[in-house]
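Take a look at the structure below.
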Amino acid sequence: MAKLFSVGFWETIARLILRNRAIIIIVILAATYVFSLQWEKMRFTYTEANLLPDEHEVNLEYNNFLKTFGDEGNLIVLGVKDSTLFTIEKLNAWNKLSDDFKPYDEVETVVSIKDLQKLSKDERKQQFNLTPFIKDSVSTREEIVKLQQELFEQYPFYDNFLFNSDSKAIRSAIYLDKSIVNTPVRKDFIVNVLIPKVEAFEATYDLDVRISGMPYIRTLNSQNIIDEISTFILAAIGVTSIIFFFFFRSTRATIISMVVVLIGVMWTFGIIGFLEYEITVLTALIPPLIIVIGIPNCIFLINKYQHEVQKHGNKAKSLQRVITKIGNATLMTNVTTASGFATFIITDSTLLKEFGIVASLSILSIFIICLFIIPIIYSYMPMPKDRHLEHLNKRWINTFVDWMERMVRQRKITIYITSLILLVTSIIGIYQINISGSLIEDMPKGKQFFKDIRFFESEFNGIMPLEIMVDTKRKKGVMKLTNLKRMNELEDLIIETPELSRPVSIVSLVKYSKQAYYNGNPKYYQLPSAQENSFILSYAKNSTTNVDLLTNFVDSTGQYARITSFMKDVGTDQMERIEEDLHEKIDKLFPEDQYNVTITGKAYMFQKGTHYLVNNLILSLSLAIVLISLFMAYMFRSFKMIIVSLIPNLLPLLITAGLMGYLGVPIKPSTILVFSIAFGISVDDTIHFLAKYRQELQANNWKIRKSVYAALRETGVSMFYTSIVLFFGFSVFIISSFGGTVALGALVSATLLFAMLANLLLLPSLLLSLERSIANKEVLKEPSFKIIPEEDKNNEI
């Protein structure tokens, strides 16, 4: 039996493929059909990406909050800032719009201006009563004037909740049923009910209604992800097929390659469905990635076949050599690329783990598909005509190859100085990188729902909830006056923080109760004294309506209180400052032995998740470097060769990181993927170059200089072409409306371009400079695992 991965192994593989062509094609078609059956299991994500592991402290605290108070991400808000709203017709229509949503099962409750209640004192029954500001509708201008006066001047309890007393902006709150928030039912309600009703209202009354809230944002954001998948696939096919045709000038070869990568895309969707993973903003990138990564495989295989045909005209021999000569090198490049993605599997983040699993499996699948289908298809086709082989005699690339060789021969010092300058400049830039924990930064800024987010930030200080849960460690401890005063002091800090909205809690309700006790006088909107508290509590205990208001702010045992604020989209530095200020105040007001106070909420979790991912980036990138180092060690059995091979691949990563610092591109969940992905792909060029270099060493009796120049001339063209394909292939992500996807595409493209130059200029220069210490047969002896470079890389792309 042929030794694994040896020459005999690949000759055996070639015979099996070419002797069982029909069976293999049937198996691949059957596998494609089976994978297509899995498509129906694909699910589009209906939840935010949870970047933290399930057992992370921040996650546990958030889940504890949900268990106590329920989901805090079920609020949709409708807002209007228009002076004409306060006319009889439009104000009644606005209230009716809100009422129209109340009958739907998907809606838990709706609160509009019409639903606001005045808390008033009933001295006879010694209780508080609730009466609406608007009983049914407004019918006179005087009623509207009185309503405005009461809302904007007399009742601060509602200020910044349903209206902004300064700008006169108004909003309505729609609370969805918590059980449907993370299900497809939410999307159906928003797309088929909410949006059509709002659009009809806007058209009838000429008002610009803004819509926001986490369920709405998530729905439209998910829809954008879905819409962009097909756009990316079409763009990737378009770009790569144009480049492919430019290289080969063959419609037949182009169509064959497109069929191969499309089968790969079908398998990718099948893998996602089989594993029952959700399609997220990350997994949506994998199908076009497979096209971009699969096309270079096709280029290697087809070009080698055509070169062999031109060389000796024997089709059977050509097809066999395609598999034996290209198979091993292509396997290694695909394995290293898959390794770059697979490093995400070791993270505890479900989002990254699923991305790593699907991407690495898909890359290995596209390798198998290419290796099997391309030789088999060409075996059934007639011999290539002369016009199909014309591209093998290209001349325009010679200028580029001559320039590379001239630089390596005559300008090594220039290359080293340039590399050193770039390294120092990059390190300076790296220190300027910021970390972004923004929940909405990557969302499409041109879309209306993003503009609506900015509207609510401007008028109501944000729509992303920040929650503080106070555990008094005693039943009914929340209503003790000393605890209310502590919470009030904490709320004063929140009010002083410009990035946070005015908080709502039991403290606000108690203040409102005191105002009601003093017949609605707004100057008494404050916490009661100890003496007043006993009177006010006696009124509250007699009031059934007050109990309903309490349920949102205090749990059923009276032990836990909730302080809800909303946060603007702030940077990580600002968020850390806010968190530090809050914790400092919390530690001062709430001794740990008496209270347990936690900060939580969607925005807070996302910010913590980003920090977690940054730490995992370092881990995954380190693992990728270790894996590649082990492979290089197995190839060359030399520590110095490991260093030589890593330098041209690490320098581009540092340059890209430096660019991020200078250009103000922050580290965030999308951009942290760049480094592991780019490293896994860029090292492919190093493998091809060093494999050919080792072959040349053996052919040239270990003469380093001669071997380096021969390897450079013969691999330079192929490295240039594949880098161009990858550069433009990843560039398709720039058309995305998601800022993170744009950054990912641009940064990976730039990194691969830097990596190509580093592998073509810096790598051969290092080999020449270290020739005495690495040029010995013992160091570069053949391992059992043998990479077989192409016989004539000058024509192999």
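The values are calculated or read from the model by the stated rules, or taken from the named source; none is laboratory data. All of these numbers come straight from a predicted model, not from anything done at the bench. Cβ atoms come from the backbone with ideal geometry, glycine included; neighbour counts cover every protein chain shown. Ligands, DNA and RNA are stripped out before the accessible areas are found, and what is left, the full protein with its side chains, is counted by its heavy atoms. Shrake-Rupley method; radii C 1.70, N 1.55, O 1.52, S 1.80 Å.
Taking Cα atoms, how many degrees apart are the long axis of helix 704-731 and the longest axis of the chain, rounded to 10 and kept between 0 and 90? Once rounded, the angle reads 40 degrees. Secondary structure note: in the chain, about 90% of the DSSP beta bridges are antiparallel.
Report the local net charge at VAL408: Lys and Arg +1, Asp and Glu -1, summed over other residues whose C-beta lies under 12 Å from its C-beta.
+4
Each Cα pair under 8 Å and six or more residues apart adds its separation to the average, and for the chain the resulting relative contact order is 19 percent. Under a straight-distance cross-link criterion of Cα-Cα below 18 Å, which aspartates and glutamates are reachable from LYS640, leaving out those fewer than 8 residues away in the same chain? Cα-Cα hits under 18 Å: GLU771, GLU778, GLU782.
GLU199 to ARG249: FRET efficiency via 1/(1 + (r/R0)^6), r the Cβ-Cβ distance, R0 60 Å, to the nearest 0.05?
Details: r = 51 Å, r/R0 = 0.85.
The formula returns an efficiency of 0.75 here.
Take every pair of alpha-carbon atoms less than 8 Å apart whose residues are at least six positions apart; their mean separation over the length of segment 139-292 yields a relative contact order of 17 percent.
The gain in end-to-end length when the ARG21 to ASN192 segment is fully stretched comes to 56.5 nm, 0.36 nm per residue minus the alpha carbon separation.
At 222 nm, what value in deg cm²/dmol follows for the chain if DSSP H runs of at least 4 each add -39500 (n - 2.57) and the sum is divided by all its residues, to the nearest 500? Before the final figure, lay out each step's value.
Details: 29 runs with 481 residues, N = 797.
The per-residue figure over the chain is -20000 deg cm²/dmol.
Rounded, prolate or oblate: pick one for segment 472-543, where a ≥ b ≥ c are the square roots of the eigenvalues of its C-alpha gyration tensor, a/c under 1.5 means rounded, and failing that, prolate if a/b is larger than b/c, else oblate. Here segment 472-543 falls in the oblate category. Once the Cα-Cα distance is subtracted from the 0.36 nm per residue extended length, the VAL259 to ASP402 segment shows a gain of 47.9 nm. Please compare each pair in LYS102/LYS125; LYS67/LYS96; LYS90/LYS197; LYS475/LYS602 to a cut-off of 23 Å on the Cα-Cα distance and tell me which ones are over it. Correct reply: LYS102/LYS125; LYS67/LYS96; LYS475/LYS602. Compared with the dominant Cα axis of the chain, that is its longest principal axis, helix 673-699 is turned about 10°.
Could you please report the charge total around LEU481, scoring K, R as +1 and D, E as -1 over all other residues with beta-carbon less than 12 angstrom from its beta-carbon?
On the way: positive: LYS480, LYS485, ARG486, LYS514; negative: GLU532.
Net charge around LEU481: +3.
Sequence-ordered 3J(HN,Hα) estimates for segment 194-204 from the Karplus curve with 6.51, -1.76 and 1.60 and θ = phi - 60° stand at 4, 4, x, 5, 5, 5, 5, 4, 4, 5, 6 Hz, glycine and proline given as x.
Please say if segment 82-203 is rounded, prolate or oblate, where rounded means a/c under 1.5 for a ≥ b ≥ c the square roots of the C-alpha gyration tensor eigenvalues, and otherwise the choice is prolate for a/b larger than b/c and oblate otherwise? Oblate.
Work out which chymotrypsin sites (Phe, Trp or Tyr not before Pro) in the chain are exposed loop sites (DSSP not H, G, I, E or B, at most 11 other Cβ within 10 Å) and give the longest gap free of them. The partial results should precede the final answer.
Details: sites that count: TRP396, TYR431.
For chymotrypsin sites (Phe, Trp or Tyr not before Pro) (loop position, at most 11 other Cβ atoms within 10 Å), the longest site-free span of the chain is 1-395.
Ordered from largest to smallest accessible area (heavy atoms of protein chains, 1.4 Å probe), the residues ILE413, ILE13 come out as ILE413, ILE13. With 24 Å as the limit on Cα-Cα distance, the pairs of LYS114/LYS568; LYS114/LYS187; LYS511/LYS585; LYS480/LYS568 that go past it are LYS114/LYS568; LYS114/LYS187; LYS480/LYS568.
Just in segment 47-121: which GluC sites (Glu not before Pro) are loop by DSSP and have at most 14 other Cβ atoms within 10 Å?
Working: sites: GLU48, GLU55, GLU57, GLU61, GLU72, GLU89, GLU106, GLU108; in loops: GLU48, GLU55, GLU72, GLU106.
Passing both the DSSP loop test and the Cβ count: GLU55.
Against the longest alpha carbon principal axis of the chain, how many degrees, from 0 to 90 and to the nearest 10, is the axis of helix 7-19 turned? Result, in degrees: 80.
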